[in-house]
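Some notes on the structure that comes next.
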């Protein structure tokens, strides 16, 4: 998950049930450098520009794969970057569903794995053992599993921290709990009231918090709902009525309203409110650590455990999810494609991505071989949060509609004062309109 978080329009444009005219013809041995007679050709698409750190990392991983499997497999990578609206790459995939030109392996953003699986764009991986799965964070395996079948393995992982300003908390006399005993909703309200006396002096707010359009809102704040005993979709991803608009979720939305009504957050976004020392807390991605350390060096930064509902029972709930590799439903050689998926998401490739892009890896060994995640007081907290309490976003074929509706409910109720139940029910109607194609 990058700092510039994009909204997704995938499910609305996927072409369910369309059959192509067959897999595009593969090049002949010798037509590409390194592709020799007797090797199985494996095509792979990635969502980035080649001339970027991420693109170079993928290129190097493919080269390393070809070296390791020389004489057996040859992977051929194609770079298809997204545009500012998230299209480009997605558009190419949609067109290829009709033309039959899908590659053997492709990248999929974590929340969209279920959409790709339900629309037969990707297929379950083969030859993935329990030992293979045990190498990955639980959140990675959960994210890639649809209907008990593993479709994708994350190339990287991500998280969100509850950052705090140490100076403000010290002035307010607030102590931060350990990671296994987070502040509950009720306790956090008391904390915010204490720090408000300090932030008021700087014409600030206890919380630097907004509900932006796009993917950030559900990524940052779905954990409030999960930890409070709610959910957004059914376990099979095909039902939202009675779940998205549940009483538990209404209770959580009311909690957000309380944050606004008590003056703990601003109704409008204020640039750099936290970074400039005018807010005590901020929810943001892992990139915030580097931003503060390089651009706001005077700020004494800490990370508190993500807050939880009053009845939380230590179940996973914190933000996770990023790009993964999956096998196309059109893959000619499923073993070859699955082998490439495992390699591109494995320890070596994860370490390469971290070193070149600072994207968190997806395997335990990769995390534990990087000093940052064992010695750095901030990154080690983010890693502990990921491996202990990580929870993927909702798995449903209509994920984009769920994400958009989630953001709209919070914006309309918390910022505009609309009735919570009314907004929840309207959201369910919108989601159900898209869900019909999968339930009829």
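Among residues belonging to the range 394-411 that are assigned to a loop (DSSP other than H, G, I, E, B) and out of contact with any strand residue (DSSP E or B) (no Cβ under 8 Å at 6 or more places or on another chain), point out the one that is nearest to residue 218 (Cα to Cα).
Here the answer is 394.
One line per residue, one yes/no per condition, for (1) more than 24 Å from the chain's Cα centre (by Cα); (2) buried (at least 17 other Cβ atoms within 10 Å of the Cβ); (3) without any contact (Cβ under 8 Å) to a residue 60 or more places away in the chain; (4) in the same structural domain as residue 166 (by TED's automatic domain parsing):
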site: 285; (1), (2), (3), (4): no, yes, no, yes
site: 300; (1), (2), (3), (4): yes, no, no, yes
site: 305; (1), (2), (3), (4): no, yes, no, yes
site: 315; (1), (2), (3), (4): no, no, no, yes
site: 327; (1), (2), (3), (4): no, yes, no, no
site: 340; (1), (2), (3), (4): no, yes, no, no
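Name the strands (runs of 3 or more DSSP E) wholly within the range 141-226 that hold at least 2 residues that are in the same structural domain as residue 247 (by TED's automatic domain parsing)?
160-165, 205-208
Considering (1) at positive phi; (2) in contact (Cβ under 8 Å) with a residue 24 or more places away in the chain; (3) touching a helix residue (DSSP H, G or I) at 6+ places or on another chain (Cβ under 7 Å); (4) surrounded by fewer than 20 Cβ atoms within 10 Å (Cβ to Cβ), say which one residue 179 fails and leave the rest.
If we test residue 179 against (1) at positive phi; (2) in contact (Cβ under 8 Å) with a residue 24 or more places away in the chain; (3) touching a helix residue (DSSP H, G or I) at 6+ places or on another chain (Cβ under 7 Å); (4) surrounded by fewer than 20 Cβ atoms within 10 Å (Cβ to Cβ), just (1) comes out false.
Out of 437, 430, report the one residue that is in a helix (DSSP H, G or I), surrounded by fewer than 22 Cβ atoms within 10 Å (Cβ to Cβ) and either on the phi > 0 side of the Ramachandran plot or at pLDDT below 95 (or both).
437
Can you give me the number of residues within the range 237-267 that are part of a loop (DSSP other than H, G, I, E, B) and either surrounded by 17 or more Cβ atoms within 10 Å (Cβ to Cβ) or at pLDDT 95 or above (or both)?
Selection size over the range 237-267: 14.
Here is a yes/no grid of residues against (1) under 23 Å from residue 94 (Cα atoms); (2) without any contact (Cβ under 8 Å) to a residue 24 or more places away in the chain; (3) in contact with a strand residue (DSSP E or B) (Cβ under 7 Å, 6 or more places away or on another chain); (4) not assigned by TED's automatic domain parsing to the domain that holds residue 337:
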position	(1), (2), (3), (4)
46	yes, no, yes, no
53	no, no, no, no
61	no, no, no, no
66	no, no, yes, no
69	no, no, no, no
74	no, no, yes, no
77	yes, no, yes, no
80	yes, no, yes, no
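Only one of 134, 104, 127 is in contact with a helix residue (DSSP H, G or I) (Cβ under 8 Å, 6 or more places away or on another chain) and surrounded by fewer than 19 Cβ atoms within 10 Å (Cβ to Cβ); which?
Testing whether each residue is in contact with a helix residue (DSSP H, G or I) (Cβ under 8 Å, 6 or more places away or on another chain) and surrounded by fewer than 19 Cβ atoms within 10 Å (Cβ to Cβ) leaves just 127.
Given the conditions (1) within 18 Å of residue 103 (Cα to Cα); (2) under 21 Å from the mean Cα position of the chain (by Cα); (3) at pLDDT 95 or above, report the number of the one that residue 14 does not fulfil.
(3)
The values are calculated or read from the model by the stated rules, or taken from the named source; none is laboratory data. Every value quoted in this text rests on a predicted model; they were computed, and no experiment measured them. Every residue, glycine among them, receives a Cβ derived from its backbone with ideal geometry; neighbour counts consider all protein chains shown.
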